[in-house]
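The structure appears below as structure tokens.
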Amino acid sequence: MKLLNPRGFGLVCASAAVAMGLVLAGCANTVEGTATVDQAQVTSYKAEAATSAAAASSSAAAAAIVKATADNCDTFRKTAGTQVDRYNEWVDAHDGSAADQIAKRDAAAGALEDAAKAVEAQVAAAGPALSADLSGKFTDYVGAARSLAAEIRRTGSGSSVAPLNDASKKVNDALTAVRNACPAK
């Protein structure tokens, strides 16, 4: 990078070649003085550099937020869909006193636990890039899914369904809150 003297002072130099390969260089004129800095230009440059850096940082942060939201919402959609299917299959088997209701109960509880683990891991991986609001909704879902899984495992053929229905309502509320907060796909 060349620095220019703001006053226009400079050196005028010339060189000459001699037949034997010798190069003679010299300055014809020298200029006396001291280079100075234009503080207004320095201030302007620093402001532009700071603005540019802030814009780049803001753009990177916005991209990280979009990615964290998409990653978490996609994981949620995949795992929640499976857990809802397994749960509904178990409810049908339980209500119909089907022979495979124990296997379906275990599959429903396992799907809820797997969904909770996957969503929880994705939230942790996103860290601060995920909004606190959406992170809270995912965390509420994780807690509700784990509670419903535990309640499913406690439910037998002669058990009261009131605790199960309460736990199911909490999962449905959490599912709805997350679905409403996630961008449409």
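Calculate, in whole percent, how much of the Cα-Cα pair population of the range 59-134 lies beyond 20 Å.
45 percent
Multiply the residue separation of residue 169 and residue 30 by 0.36 nm, subtract the distance between their alpha-carbon atoms, and state the gained length in nm to one decimal. Mind dumping the intermediate values first?
Details: separation 139, 0.36 × 139 = 50.04 nm, distance 8.86 nm.
Fully extending the segment from residue 169 to residue 30 adds 41.2 nm.
Mind checking the full-extension length gain between residue 162 and residue 92? Use 0.36 nm per residue of separation minus the Cα-Cα distance, one decimal, nm.
So the extension gain works out to 23.6 nm.
Tell me, what is a quarter of the convex hull surface for the C-alpha atoms of the range 54-185, in nm² with one decimal?
On the way: hull surface 32.1 nm².
Mean projected area for the range 54-185: 8.0 nm², to one decimal.
Label residue 179 and residue 66 with points 7 Å out from Cα along Cα→Cβ: what is the distance between them in nm?
It is 2.6 nm.
What's the FRET efficiency of residue 77 with residue 150 using the Cβ-Cβ distance as r and R₀ = 35 Å, to the nearest 0.05?
0.90
List nothing, just return the count: lysine pairs in the range 83-185, 8 or more apart or interchain, with Cα separation under 21 Å.
Eligible lysine pairs with Cα atoms under 21 Å apart amount to 9.
Laboratory data are not the source of any read-out in this text; all were calculated from the coordinates shown. The shown structure was predicted, so the numbers you read here are calculated from the model rather than taken from an experiment. Backbone-built Cβ (ideal geometry, glycine too); neighbour counts: all protein chains shown.
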